[in-house]
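S.K.: Take a look at the following structure, please.
Laboratory data are not the source of any read-out in this text; all were calculated from the coordinates shown. Because the structure is predicted, anything quoted here is derived from the model rather than measured. Cβ atoms come from the backbone with ideal geometry, glycine included; neighbour counts cover every protein chain shown.
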Amino acid sequence: MSGDKRVTVALTGASGAQYGIRLIECLIALGCEVSVMVSKAAQVVITTETEERFPSGSDKLQAYLVTRFKAEPWQIKVYGRENWMAPVASGSGAPHKMVVCPCSTGTLSAIATAASNNLIERAADVALKERRQLILVHREAPYHEVHLQHMLTLTRMGALVMPASPGFYHNPQRIEDMVDFIVARILDQLGFEQTLMPRWGE
């Protein structure tokens, strides 16, 4: 598998689980290999905001996602919060692209301060230290000074902070249209062709 088509996707405990789920679906459709991490808080949000019922345990969740997205078995690998032997925990094995979607304010803070208290934080820290692509889809408002400081710190370190702020110029008719607006922009940043949303002027 080409390094360009290996992507890490982490879902954390902010509202907007739909963005992360849809992103995984699109990456699978593009033939990518996706390393997936879901925080405990994200599990709660997913149950609250969606009709998805992610099972507990990495193996069960991996089997569920393979079936859910009609993926090849090799396309989805799910890793638990303390699986320090996972490829994403090391610069020698981690994919070159990582997206935290949605990214909670707590996760934003932990990544900005290199906390690395769990595998999601460690994987993001690896992306930063190895100068790889890291996209943080922050989903909270308003911001106070420390939030903004962390965003500035991460931007200076090379991460891309992309708040989940859907546009309306495409005249969305459904919630799914607004979700696709953000996912399309993420795919654009990752360098993948997407047909979810026309670009401005098209």
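S.K.: Among Ser104, Ser109, which comes first, then next, by fewest other beta-carbon atoms within 10 Å?
M.R.: Working: Ser104 23, Ser109 17.
With the fewest neighbours first, Ser104, Ser109 line up as Ser109, Ser104.
S.K.: Within the chain, which is the longest segment that contains none of the trypsin sites (Lys or Arg not before Pro) sitting in a DSSP loop with at most 14 other Cβ atoms within 10 Å?
M.R.: Working: sites that count: Arg53, Lys70, Arg131, Arg174, Arg199.
Excluding the exposed sites themselves, the longest stretch runs over 71-130.
S.K.: Where the only charges are on Cβ atoms (+1 Lys, Arg; -1 Asp, Glu), what is the dipole of the range 3-190 about its Cα centre, to the nearest 20 debye? All intermediate terms of the calculation are to be shown ahead of the outcome.
M.R.: Values: 19 positive and 18 negative charges, 70 e Å.
Rounded to the nearest 20 debye, it is 340 debye.
S.K.: If contacts are Cα pairs under 8 angstrom and at least 6 residues apart, what is the relative contact order of the range 90-146 in percent? Numbers along the way, then the final one.
M.R.: Numbers: 64 pairs, mean separation 27.7, N = 57.
Once divided by the residue count of the range 90-146, the mean separation gives 49 percent.
S.K.: Would you mind calculating the relative contact order of the range 3-190 from Cα pairs under 8 angstrom and at least 6 residues apart, reporting the percent as a whole number?
M.R.: On the way: 330 pairs, mean separation 43.5, N = 188.
In percent, rounded to a whole number, it is 23.
S.K.: Got a sec to turn the phi values of the range 111-126 into Karplus ³J(HN,Hα) couplings, 6.51 cos²θ - 1.76 cosθ + 1.60 with θ = phi - 60°, whole Hz, x for Gly and Pro?
M.R.: The phi angles translate into 5, 5, 9, 6, 5, 6, 7, 8, 5, 4, 5, 5, 4, 5, 5, 4 Hz.
S.K.: Once each part is reduced to its C-alpha centroid, what is the distance from the range 111-168 to the range 39-108 in angstrom?
M.R.: Cα centroid to Cα centroid, the span is 18 Å.
S.K.: Here's another thing I want to ask about it. Under a GNM of the chain (C-alpha, springs under 10 Å), which listed residue has the highest mean-square fluctuation: Ile175, Ile186, Ile21?
M.R.: Between Ile175, Ile186, Ile21, it is Ile175 that shows the largest mean-square fluctuation.
S.K.: Using just the alpha carbons, could you tell me how many Å³ per residue the convex hull of the range 3-190 encloses?
M.R.: On the way: hull volume 21.7 nm³, N = 188.
It comes to 115 Å³ per residue, whole-number rounded.
S.K.: Another question about this same structure. Using a basic spin-label model with each label point 7 Å from the Cα along Cα→Cβ, how many nm lie between Thr113 and Lys40?
M.R.: 1.9
S.K.: To the nearest 500 deg cm²/dmol, what mean residue ellipticity at 222 nm is calculated for the chain from DSSP H runs of n ≥ 4 alone, each contributing -39,500 (n - 2.57), summed and divided by the residues? Display every interim value, and only then the final one.
M.R.: Details: 7 runs with 81 residues, N = 202.
About -12500 deg cm²/dmol.
S.K.: Among Met157, Met85, Met178, which one moves the most in a GNM of the chain with springs linking Cα atoms closer than 10 Å?
M.R.: It is Met85.
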